[in-house]
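The values are calculated or read from the model by the stated rules, or taken from the named source; none is laboratory data. The structure presented is a predicted model; accordingly, all values stated were derived computationally and were not measured. Cβ coordinates were reconstructed from backbone atoms using ideal geometry, including for glycine residues, and neighbour counts include every protein chain displayed.
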Amino acid sequence: MNKMIYRKSVFIVVYSIDDSGNIKYLLLKRKLHWIGWEFPKGGINFFETKRRAIKREIKEETGLTPIKIKKFNFSGKFKYDRKLKDRPGIIGQSFSLYAVKIGKGKVKIDKVEHSDYKWVKFNGAMKKLKWPNQKKCLKMVDGWLRK
């Protein structure tokens, strides 16, 4: 019997607050493995802490540096819709949720994984996101930010 293996990962809702107090979320347009809008996310390397994985993934996928990292007491997992050649033996990802505040700076997307990015308010993000777990995570972070 094959053991079902989930890749351990971090799910990162990246936000910024402008001078008027408006909260905007950074969405990346995925092109590797599937097409659609998502938040930065990524696997945790062997012997890497979650905090270090967050900093690395934010830098790799956006070119930005986190100012503040908030861990949420929420985790989940999802299965891939097909086998991925670059992830043999892996059937999906398990994730922990984090919110990351970033400052000003030019977004430099990783052109291998993403084709575009957008800064959007809550309602715009809810319309663009496809997966229920993405929307649930956004609602949790937005609720925390508006307290």
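Return the pair list, or none, for Cβ contacts closer than 8 Å from residues in segment 29-58 that are closer than 16 Å to residue 116 by Cα to residues that are β-branched (Val, Ile, Thr) and assigned to a loop (DSSP other than H, G, I, E, B), at least 6 apart or on different chains.
29/35; 32/112; 58/65
Going residue by residue through segment 59-68, is there one that turns out to be basic (Lys, Arg) and at pLDDT below 95?
Checking segment 59-68: at least one residue is basic (Lys, Arg) and at pLDDT below 95.
Touching a Gly at 6+ places or on another chain (Cβ under 9 Å) and either of a type in the set (Asp, Glu) or surrounded by fewer than 14 Cβ atoms within 10 Å (Cβ to Cβ) (or both): is that true of residue 116 in this structure?
It is false that residue 116 is touching a Gly at 6+ places or on another chain (Cβ under 9 Å) and either of a type in the set (Asp, Glu) or surrounded by fewer than 14 Cβ atoms within 10 Å (Cβ to Cβ) (or both).
Evaluate segment 26-45: report whether one residue or more is modelled with pLDDT of 85 or more, assigned to a strand (DSSP E or B) and loosely packed, with under 13 Cβ neighbours inside 10 Å.
Within segment 26-45, none of the residues are modelled with pLDDT of 85 or more, assigned to a strand (DSSP E or B) and loosely packed, with under 13 Cβ neighbours inside 10 Å.
Considering only segment 79-97, state which residues are surrounded by fewer than 17 Cβ atoms within 10 Å (Cβ to Cβ), at pLDDT below 75, in a strand (DSSP E or B) and of a type outside the set (D, E, K, R).
Of the residues in segment 79-97, the ones surrounded by fewer than 17 Cβ atoms within 10 Å (Cβ to Cβ) are 79-90, 94.
Now narrow it down to the ones that are at pLDDT below 75: 79-90.
Going one step further and asking which of them are in a strand (DSSP E or B), we end up with 79, 90.
90 - this is the single residue of segment 79-97 that is surrounded by fewer than 17 Cβ atoms within 10 Å (Cβ to Cβ), at pLDDT below 75, in a strand (DSSP E or B) and of a type outside the set (D, E, K, R).
Does residue 100 meet the test of being at pLDDT 90 or above, surrounded by 15 or more Cβ atoms within 10 Å (Cβ to Cβ), out of contact with any Leu (no Cβ under 8 Å at 6 or more places or on another chain) and closer than 15 Å to residue 14 by Cα?
So residue 100 fits the description; yes.
When you look at residue 134, is it assigned to a strand (DSSP E or B) and over 13 Å from residue 29 (Cα atoms), yes or no?
Numbers: assigned to a strand (DSSP E or B): no; over 13 Å from residue 29 (Cα atoms): yes.
Taking the combined requirement at face value, the residue does not satisfy it.
Surrounded by fewer than 15 Cβ atoms within 10 Å (Cβ to Cβ) and under 16 Å from residue 108 (Cα atoms), is that true of residue 21?
Considered against the rule, which asks whether it is surrounded by fewer than 15 Cβ atoms within 10 Å (Cβ to Cβ) and under 16 Å from residue 108 (Cα atoms), residue 21 comes out as no.
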